[in-house]
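The values are calculated or read from the model by the stated rules, or taken from the named source; none is laboratory data. Note that the coordinates shown come from a computational prediction; the quantities given were computed from them, not determined experimentally. When we count neighbours, we look across all protein chains shown, and the Cβ atoms used for this are built from the backbone with ideal geometry, even at glycine.
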Protein chains: 2
Amino acid sequence: MSFQVTEKVTEFCQKHTLLDQRDKIVVGVSGGPDSLCLLHHLVRFRSDLGLDLTIAHLNHQLRGSDAQADEAFVRDVASRWQVPIRVEAHDVAALAAKRKQSLEEAARQIRYAFLWRTASAVGARKIAVGHNADDQVETILMHFLRGTGLAGLRGMLPLTDIAGLRLHPDDIDHSVSPAPKLVRPLLDISRAEIEAYCQTNDLAPRQDYSNQDVTIFRNRLRHELIPLLETYNPNIRQVLRRTANVVAADYSILQADLEQAWRRVTKAESPEKIEFDLAGWLALPLALKRSTLRRAVQTLRRSLRDISFEHVEQAIMIIEKGQTGAQATLPQGLMLTADYHRLMIASENSVLVPGQLDGPYLARGQIISLNLPGVKAIPQTNWRLKSQLISPDSLPRQQLEQVGRWEAYLDAEIVGKKVVLRTRQPGDRFHPLGLEGHSQKINEFMINEKIPVGLRDHIPLLVGDNRILWVCGYRPDERARVRSTTNHVLHLTFEAQ
Amino acid sequence: MSFQVTEKVTEFCQKHTLLDQRDKIVVGVSGGPDSLCLLHHLVRFRSDLGLDLTIAHLNHQLRGSDAQADEAFVRDVASRWQVPIRVEAHDVAALAAKRKQSLEEAARQIRYAFLWRTASAVGARKIAVGHNADDQVETILMHFLRGTGLAGLRGMLPLTDIAGLRLHPDDIDHSVSPAPKLVRPLLDISRAEIEAYCQTNDLAPRQDYSNQDVTIFRNRLRHELIPLLETYNPNIRQVLRRTANVVAADYSILQADLEQAWRRVTKAESPEKIEFDLAGWLALPLALKRSTLRRAVQTLRRSLRDISFEHVEQAIMIIEKGQTGAQATLPQGLMLTADYHRLMIASENSVLVPGQLDGPYLARGQIISLNLPGVKAIPQTNWRLKSQLISPDSLPRQQLEQVGRWEAYLDAEIVGKKVVLRTRQPGDRFHPLGLEGHSQKINEFMINEKIPVGLRDHIPLLVGDNRILWVCGYRPDERARVRSTTNHVLHLTFEAQ
């Protein structure tokens, strides 16, 4: 068995090119069977491959004297096998409480951050950890039950970038680059094989810490669910690892597709905002709409949390159905806003100033006097307002119904001569056309119309004689509408140049 | 509940564009709750949408009088709701026995084939079936446990091509085209909702046939596994359907990638053989290597069976490591053969004639006389054999070890003057270099060398004085090798032009 394990690990390392000649490797060693077997294997090939090994041992301070005994054991192994060792102690329980995380999640983050720091300190480009084939099966199942999509169904990867793990930003020194690679040489070796290996080689490992503090959830998987699944398919462990293998390869193609789509549709990218070309984005297949949105959120918020499926679906639906100004909430305080040509993902707090959205939007508090009829440019935009007088007779009935968004026909006499465009002010009310003459607060109207918060202070209002006559882009006032008694019709049109 | 179901089905149909105005639809109706609910919904919208419905009922002849009662019930519904009906009776049990299939699989194939025939008969472009959300969850889980990869994790699709289902070729009239679409309007409705719908609408469905004959496997899923999974994640049903939804979109991108890769690497395609450009294929990412091979097998063998993961992995490994003539077994009597420029997938029985493989291969039984030294073209190939005499002194030792595949250094005096190239003959033997002077049958040697069966009659043998001196491309004869006593060295090289 021992020989077989050595063979299998060597083959696995070759297949996935986990080890190179003269690699400098930090090995995470808890003292349990997995990490001890891993260390033993690497030490065995140390001189052949010219490996430069360093042990990293984390004292979790979770079980008092046991943690001390684990540390002493690993220090003893390090000295007997002549491998340099780095040890850190962290109060994982305290940190978990402080960060409101599960013990398992806090331990995971601290462990990887420690390994990363150690690799940086000793100049290692690789970190080896002892995850085995049974860990892999449990991980795949957990992700399946949680519904993580393909990324999760890949399980753990034999070779991955530690920067890809979601770690707590406080724990990481991002100034150190490049990030080391994480390798998992035992990912094809079962727990039973590892235990046999330890026995054959007289390794006498400690009880694995990670077998004790794992959540009830993982323990139930191991002792209840997987044995039941084996009654459905005796090869379930192999099947799940094979699925992970297949999915990992499929996923990497999807990532390449995402990369390509991202480059094609992204018009601007900054730490605060990402802009897609709206038409290009709308033409993407559903899976790439999903993944570009996810990536945008991940880029703007280096987040620990997953983005929920519902958030993404909801956002896609709104944008697909929406018109200019359509806006959807994304997680973590991000908003998705569509205008004519662009789809923007930015903080919901970021103020939308004229020029950011394509429309005749005003700066907050801006007032523009108009001479009617005539043409007036809207400052800081490429829009202008054209107004002309026409006779009611030259106005076919249907034209009133097919009026464009940025267009209105009003009774010229009611509008009057002293007219301004301005943004909303406290207490503003008007009589929305179609509301049977009732008046409504502008704020209420804007909420009903689902006008994005950030846009509300920028919508131009046509105001004559202190009366709001047109919430431009949305609704004329009932009082200013063209009637059978109208003598002169004022035709207003915002035009982009 | 009833109203909600109607709303949800309508919305689902719109989202996936399952129904169009004036659709002609065959509805599979067993008489159970699902199909009765489906039929009721469609009848309700029949006049609004101008639908033209036909019921298809299959009498499985499985439970004697019950099957008759089911048929009578469905005929009665058809008459009351004024929907034309077509009924067929098939002895499913007998057919399952004959085809050595499970009852469930045989019933599935007969049912879909019957629906297809019915659609063809009445000129319907759509077939509607009553699969519900719980069926979907069970299907996804079954596929997960079996390890079907992404195609299976998609579960059942709301809208799919019936030609994509794996049906028994005997059951299908392929002359009818185009194949109708299969739609599943109830795929988002739970079993409980359907039962409530039936109750509210006084439908009094029959016990669903499909609930009785389902395998023990599916029943265990329903009553044992899913309830257990719900203790891990109470939303497991929703999670799995969401996973299917995500995977379906991802899968369609992968299919587009496959399509593109297929067009790029496929050099020739016939019902007997598919040829890929070897370099192009080797440059594909792993997932596309897998999917191009799968597609090749599916194209050549319109098969009911899945291609095993191991088959595909094994084949990829052999070709990636292999040299010209590398050959891997694929399922269903197919072989994968690589030559210098091509990768061929064809029946293992198909004879490889010169010109099909790129190498100096002879036609079976061909004999070519050589004048040594000199140059001789190999007919029907673009290869020629060049031979020249050199002095042993001008032969550095290492050159003998780094000799190319189509190159040999032999003792000119032992080779002699009367030399031919020919293919193997019964009883042929030689003394393979390195076998300590022992002689071996050519056939045995070829088997040991894993030379593909189809190639063995085409390998050129260099024969002088009735002795085989070189199995070209593989091994010189021990007796003809260059020794310290050699006076003249014959340097033979096959060259492609």
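So for the stretch A:263-280 (the condition being over 24 Å from B:L153 (Cβ atoms) and in contact with a His (Cβ under 6 Å, 6 or more places away or on another chain)), does at least one residue qualify?
If we filter the stretch A:263-280 for residues that are over 24 Å from B:L153 (Cβ atoms), which is where we start, we get A:263-280.
Next, from what is left, pick out any that are in contact with a His (Cβ under 6 Å, 6 or more places away or on another chain): A:278.
Among the residues of the stretch A:263-280, at least one is over 24 Å from B:L153 (Cβ atoms) and in contact with a His (Cβ under 6 Å, 6 or more places away or on another chain), which makes the answer yes.
Can you tell me which residues in the stretch A:165-203 are assigned to a loop (DSSP other than H, G, I, E, B) and modelled with pLDDT of 85 or more? First the steps, then the outcome.
Kept after step one, since they are assigned to a loop (DSSP other than H, G, I, E, B), are these residues of the stretch A:165-203: A:165-168, A:172-180, A:184-190, A:201-203.
Scanning the stretch A:165-203 gives A:A179, A:P180, A:R184, A:P185, A:L186, A:L187, A:D188, A:I189, A:S190, A:N201, A:D202, A:L203.
From (1) under 25 Å from B:T231 (Cα atoms); (2) surrounded by 16 or more Cβ atoms within 10 Å (Cβ to Cβ); (3) within 12 Å of chain B (Cβ to nearest Cβ); (4) over 17 Å from the mean Cα position of the chain (by Cα), pick out the condition that doesn't hold for A:F309.
(4)
Sort out which residues of the stretch A:153-164 are more than 14 Å from every other protein chain (Cβ to nearest Cβ) and part of a loop (DSSP other than H, G, I, E, B), and write them in order of number.
A:M156
For the list (1) buried (at least 23 other Cβ atoms within 10 Å of the Cβ); (2) touching a residue at least 60 places away in the same chain (Cβ under 8 Å); (3) of a type outside the set (F, W, Y), I need the number of the one condition that A:A133 fails.
Unmet for A:A133, out of (1) buried (at least 23 other Cβ atoms within 10 Å of the Cβ); (2) touching a residue at least 60 places away in the same chain (Cβ under 8 Å); (3) of a type outside the set (F, W, Y): (1).
Which residues, counting only those in the stretch A:87-103, are part of a helix (DSSP H, G or I) and among the basic types (K, R)?
Filtering the stretch A:87-103 down to residues part of a helix (DSSP H, G or I) leaves A:92-99, A:103.
Within the stretch A:87-103, A:K98, A:R99 meet the criteria.
Name the residues in the stretch B:350-384 that are assigned to a strand (DSSP E or B) and either at pLDDT 85 or above or among the polar types (S, T, N, Q) (or both), would you? Full working, then the answer.
First, pick out the residues of the stretch B:350-384 that are assigned to a strand (DSSP E or B): B:354, B:357, B:367-370, B:374-377, B:383-384.
Across the stretch B:350-384, the qualifying residues are B:I367, B:I368, B:S369, B:L370, B:G374, B:V375, B:K376, B:A377, B:W383, B:R384.
For residues that are modelled with pLDDT of 90 or more and of a type in the set (D, E), scanning just the stretch B:69-99, find the one that is farthest from B:V122 (Cα to Cα).
Selected residue: B:D70.
Restricting to the stretch A:18-68, count the residues that are among the small types (G, A, S), modelled with pLDDT under 95 and buried (at least 16 other Cβ atoms within 10 Å of the Cβ).
Final tally of qualifying residues: 4.
Scan the stretch B:121-134 and tell me whether some residue there is out of contact with any helix residue (DSSP H, G or I) (no Cβ under 9 Å at 6 or more places or on another chain) and not aliphatic (A, V, I, L, M).
The first filter runs over the stretch B:121-134 and keeps only residues out of contact with any helix residue (DSSP H, G or I) (no Cβ under 9 Å at 6 or more places or on another chain), leaving B:121-123.
When the remaining residues are screened for being not aliphatic (A, V, I, L, M), the result is B:123.
There is at least one residue in the stretch B:121-134 that is out of contact with any helix residue (DSSP H, G or I) (no Cβ under 9 Å at 6 or more places or on another chain) and not aliphatic (A, V, I, L, M).
I'm trying to understand the selection: among the residues of the stretch B:134-152, which are facing another protein chain (nearest Cβ under 8 Å) and part of a helix (DSSP H, G or I)? Break it down into steps so the answer makes sense when it comes.
Taking the stretch B:134-152 as the starting set, the residues that turn out to be facing another protein chain (nearest Cβ under 8 Å) are B:144-147, B:149-150.
B:F144, B:L145, B:R146, B:G149, B:L150, listed by residue number.
From the set of residues in the stretch A:245-280 that are in contact with a Ser or Thr (Cβ under 7 Å, 6 or more places away or on another chain) and of a type in the set (F, W, Y), which is farthest from the other protein chains (Cβ to nearest Cβ)?
Only one residue fits best here, namely A:F276.
May I ask you to list pairs of residues, at least six apart or on different chains, whose Cβ atoms are under 9 Å apart, with the first in the stretch A:18-44 being closer than 18 Å to A:A72 by Cβ and free of Cβ contacts under 8 Å to residues at least 12 places away in the same chain and the second being in a helix (DSSP H, G or I) and of a type in the set (A, V, I, L, M)?
none
In the stretch B:426-447, what residues are on the phi < 0 side of the Ramachandran plot and exposed (fewer than 12 other Cβ atoms within 10 Å of the Cβ)?
As a first pass, look at the stretch B:426-447 and keep what is on the phi < 0 side of the Ramachandran plot: B:426, B:428-433, B:435, B:438-447.
Passing the criteria: B:P426, B:H438, B:E444.
For residues that are more than 10 Å from chain B (Cβ to nearest Cβ) and within 31 Å of the chain's Cα centre (by Cα), scanning just the stretch A:216-225, find the one that is farthest from A:I140 (Cα to Cα).
Step one: of the stretch A:216-225, the residues more than 10 Å from chain B (Cβ to nearest Cβ) are A:216, A:218-219, A:222-223.
Among the residues that remain, those that are also within 31 Å of the chain's Cα centre (by Cα) are: A:216, A:218-219, A:222.
On the way: A:I216: 17, A:R218: 11, A:N219: 14, A:R222: 12 Å.
If we take residues in the stretch A:216-225 being more than 10 Å from chain B (Cβ to nearest Cβ) and within 31 Å of the chain's Cα centre (by Cα), then A:I216 is farthest from A:I140 (Cα to Cα).
Just one of the numbered conditions (1) touching a Lys or Arg at 6+ places or on another chain (Cβ under 6 Å); (2) closer than 17 Å to A:A128 by Cβ; (3) not hydrophobic (A, V, I, L, M, F, W, C) is not true of A:D70; which one?
Here A:D70 meets the rest and fails (2).
Of everything in the stretch B:452-497 that's crowded, with 19+ Cβ neighbours inside 10 Å and of a type in the set (V, I, T), which residue is nearest to B:S394 (Cα to Cα)?
Here the answer is B:V489.
So for the stretch A:122-138 (the condition being over 20 Å from A:P33 (Cβ atoms) and touching an Asp or Glu at 6+ places or on another chain (Cβ under 6 Å)), does at least one residue qualify? Don't jump to the end; show me each part of the working.
Narrowing the stretch A:122-138 to residues over 20 Å from A:P33 (Cβ atoms): A:122-126.
Now drop any that are not touching an Asp or Glu at 6+ places or on another chain (Cβ under 6 Å), which leaves A:126.
Yes; the residues of the stretch A:122-138 include at least one that is over 20 Å from A:P33 (Cβ atoms) and touching an Asp or Glu at 6+ places or on another chain (Cβ under 6 Å).
May I ask you to list the residues in the stretch A:226-239 that are more than 7 Å from every other protein chain (Cβ to nearest Cβ) and part of a helix (DSSP H, G or I)?
The first filter runs over the stretch A:226-239 and keeps only residues more than 7 Å from every other protein chain (Cβ to nearest Cβ), leaving A:226-227, A:230-231, A:234-235, A:237-238.
Result: A:I226, A:P227, A:E230, A:T231, A:R237, A:Q238.
Looking at the stretch B:391-413, can you tell me whether even one residue there is basic (K, R), touching a residue at least 60 places away in the same chain (Cβ under 8 Å), assigned to a loop (DSSP other than H, G, I, E, B) and at positive phi?
Step one: of the stretch B:391-413, the residues basic (K, R) are B:397, B:405.
In the following step, the residues that additionally are touching a residue at least 60 places away in the same chain (Cβ under 8 Å) were identified as B:405.
Filter once more, keeping what is assigned to a loop (DSSP other than H, G, I, E, B): B:405.
Remaining after also requiring at positive phi: none.
No, the stretch B:391-413 has no match at all.
Does B:I127 qualify as being outside any helix (DSSP H, G or I), touching a strand residue (DSSP E or B) at 6+ places or on another chain (Cβ under 9 Å) and under 27 Å from B:Q298 (Cβ atoms)? Full working, then the answer.
On the way: outside any helix (DSSP H, G or I): yes; touching a strand residue (DSSP E or B) at 6+ places or on another chain (Cβ under 9 Å): yes; under 27 Å from B:Q298 (Cβ atoms): yes.
Yes, satisfied.
Could you grab the pairs with beta carbons closer than 7 Å, sequence gap of 6+ or different chains, first residue in the stretch A:264-276 and surrounded by fewer than 15 Cβ atoms within 10 Å (Cβ to Cβ), second one assigned to a strand (DSSP E or B) and of a type in the set (S, T, Y)?
A:E272/A:S347
Give the residue that is surrounded by the fewest Cβ atoms within 10 Å (Cβ to Cβ), with candidates limited to residues of the stretch A:277-294 that are among the aliphatic types (A, V, I, L, M) and in a helix (DSSP H, G or I).
We begin by selecting, within the stretch A:277-294, every residue among the aliphatic types (A, V, I, L, M); these are A:278-279, A:282-284, A:286-288, A:293.
After this cut, where a residue has to be in a helix (DSSP H, G or I) as well, the list is A:278-279, A:282, A:286-288, A:293.
Values: A:L278: 21, A:A279: 12, A:L282: 15, A:L286: 17, A:A287: 24, A:L288: 22, A:L293: 26.
Result: A:A279.
Quick check, is B:A106 buried (at least 18 other Cβ atoms within 10 Å of the Cβ), in a loop (DSSP other than H, G, I, E, B) and over 20 Å from the mean Cα position of the chain (by Cα)?
Details: buried (at least 18 other Cβ atoms within 10 Å of the Cβ): yes; in a loop (DSSP other than H, G, I, E, B): no; over 20 Å from the mean Cα position of the chain (by Cα): yes.
Spelling it out, it is not the case that B:A106 is buried (at least 18 other Cβ atoms within 10 Å of the Cβ), in a loop (DSSP other than H, G, I, E, B) and over 20 Å from the mean Cα position of the chain (by Cα).
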